[in-house]
1. For the stretch 42-67, how many residues are free of Cβ contacts under 8 Å to residues at least 40 places away in the same chain, part of a helix (DSSP H, G or I) and touching a helix residue (DSSP H, G or I) at 6+ places or on another chain (Cβ under 8 Å)?
2. Taking into account only those residues within the stretch 13-40 that are under 19 Å from residue 65 (Cβ atoms) and at pLDDT below 55, which is surrounded by the most Cβ atoms within 10 Å (Cβ to Cβ)?
3. Regarding residue 43, is this residue at pLDDT 90 or above and over 15 Å from residue 68 (Cβ atoms)?
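The values are calculated or read from the model by the stated rules, or taken from the named source; none is laboratory data. Please read all numbers here as calculations on a predicted model, not as lab measurements. Neighbour counts are summed over all protein chains in view; Cβ atoms, including those assigned to glycine, are modelled from backbone coordinates with ideal geometry.
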């Protein structure tokens, strides 16, 4: 019973996109272990699971992390720092 609640909770924690059922199944498969390990108290509330996983993004497995940024090839690489505009103090 708990496993069914977990799968349902983790599956629903991600927004449906494209081929909804297949995508949700991949997301659940990728993040089920992370949800059990990091977000036990949030199960089976889908919104709380998603929020918990996002808060603990740096501790997620690479597979689960990729579900939050599917378009990013390497989600562990932070964006480059913003460059400061040139100052008017140049002579």
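1. Total meeting the criteria: 12.
2. The residue in question is 14.
3. Values: at pLDDT 90 or above: yes; over 15 Å from residue 68 (Cβ atoms): yes.
When the stated conditions are applied, residue 43 passes them.
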